[in-house]
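Have a look at the structure below, then the notes.
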Amino acid sequence: MHQINPVEYDHLLDIKINNLKKVFSYISLPVFEVYKSEPLNFRMRAEFRIWHDDGEVFYAMNNPDKKIPYMINEFPIGSKKINELMAPLLLEINKNNILKNKLFSAEFLTTLSDDVVVTLIYHKPVDENWKKEATNLHTKFMINIIGRSRKKKLIIGHDYVVEKLRIDGTDYHYKQIENGFTQPNAGINQAMLSWTLRQTQKCEDDLLELYCGNGNFTCVLSRNFKKVLATEVSKASVKAAHFNLEKNNIGNVKICRMSSEEITSALNKVRKFRRLKNIDLNTYKLNTIFVDPPRAGLDEKTLNLLKKFKNILYISCNPKTLQENIQEISDTHSIKSFAVFDQFPYTDHLECGVLLQLKNL
């Protein structure tokens, strides 16, 4: 991570964009949109080591140059709520031997609407004595508290937050589970959701979404399609996605707990799956596919599946694998739109969005 200096923000983003252009130098890109992050307080989640020194505990982060981490009192890129809570929460923990004993990590999950889960992780079993003391934190700060130790989890309040995002005039509510994947930069997440909604306005028919997670994109994109078939392998994410669809009154989405390889086999009629017994694939007119894969990108079978679709919407957290994947389908599809989302300011990471369409339409 670069030094956090808001004055340098635009310059650092320009460097990342120039590096992106080098990665895509062999592919002709349209003029692309750039979505900047807020330079401070953009990150909704944070994880800190806890350092013990002379009977007190401190927030700490790894120092790659030294064995001893460096202590921190604030986290400028963290949400305002994280920074508001850090010092007073630590003060209360330091007053209490049960809360600070064997504590080795603290995790914050916050939202734009100031919903909070704080997870305290221990090298000792959390028990009812711990829960009694932690309940005081829950009451004093009006936040959800989780205690974790080996094979044990105690919850005071909820183990999730509910985020509210406003996308093109409509509010969406999302259950975000502690320890589950969520987009860390809420402002950029709103920008990505708005961009994908605009890109699919004329796509029509039905949508196939791979890696749907908690339904972050699914809920918004469902506006532009008659039906949506979404896949996800994580049980916890599928459960959260169902909650979010119901919370947002969305009734045109079906979610199946399958990998991209499995849904590819099902669509190609190579194999039948019991998990699809309540879903008739023949009733779908799937002209558009949306993918938001891990950093490794898409495997060969999934890439071959993409080639069959009229429209491909691809969100990528790794420009290099995105470029490689686009190269693989360049015979059949061409780029219509390209966007850059600065999800992680002051790092080398850059998120991209691409709309590709079948050639000769």
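Observations on the model:
- Farthest towards the positive end of the charge dipole of the chain, among the residues N249, I335, N63, is the Cα of N249, using unit charges on the Cβ of Lys, Arg, Asp and Glu.
- Once the chain from R275 to D205 is taken as fully extended at 0.36 nm per residue, the excess over their C-alpha distance is 22.8 nm.
- Leading residue at positive end of dipole, the chain (Cβ point charges), from G147, I188, H52: G147
- Relative contact order computed over the stretch 45-160 (Cα-Cα under 8 Å; 6+ residues apart), in percent: 20
- Across all directions, the average flat footprint of the convex hull enclosing the Cα atoms of the chain is 20.2 nm².
- N304/N360 FRET efficiency (R0 30 Å; Cβ-Cβ; nearest 0.05): 0.95
- The local environment of E47, defined by Cβ-Cβ distances under 13 Å, has a net charge of +2 under the rule Lys, Arg +1 and Asp, Glu -1.
- Pairs from K102/K132; K16/K164; K66/K152; K164/K239; K80/K235; K239/K336 whose Cα-Cα separation, in the structure shown, is over 24 Å: K16/K164; K66/K152; K80/K235; K239/K336
- With contacts taken as Cα pairs under 8 Å and at least 6 residues apart, the chain reaches a relative contact order of 15 percent.
- Assuming charge only on the beta carbon of Lys and Arg (+1) and of Asp and Glu (-1), the dipole of the chain about its Cα centre is about 1420 debye to the nearest 20.
- Cα long-axis angle, helix 235-247 against the chain (0 to 90 degrees, to the nearest 10): 80
- Under 18 Å from K81, Cα to Cα: aspartates and glutamates that are on another chain or at least 8 residues apart: E38, E47, E92, E107, D114, D115, D159, E163, E178
- Summed over qualifying helices (DSSP H, 4 residues or more, each -39500 (n - 2.57)) and divided by its residue number, the chain shows a 222 nm mean residue ellipticity of -9000 deg cm²/dmol.
- Convex hull (Cα only) mean projected area of the stretch 150-243, reported in nm² to one decimal: 7.0
- Sorted largest first, the spans of the alpha carbon positions of the stretch 207-361 along the three principal axes are 41, 36, 26 Å.
- Residues with amide H under 5 Å from that of N41, placed H, sequence gap 5 or more: I77, G78
- In the elastic network of the chain, a GNM with C-alpha springs shorter than 10 Å, the most mobile of K336, K66, K285 is K66.
- Taking only alpha carbon atoms, the stretch 45-160 gives an Rg to Rh ratio of 0.94, where Rh is the Kirkwood radius.
Each value in this text was obtained by applying a stated rule to the coordinates, not by laboratory testing. Just so you know, these numbers come straight off a predicted model, no measurement behind them. Using ideal geometry, Cβ is built from the backbone for each residue, glycine included, and neighbour counts are taken over all protein chains shown.
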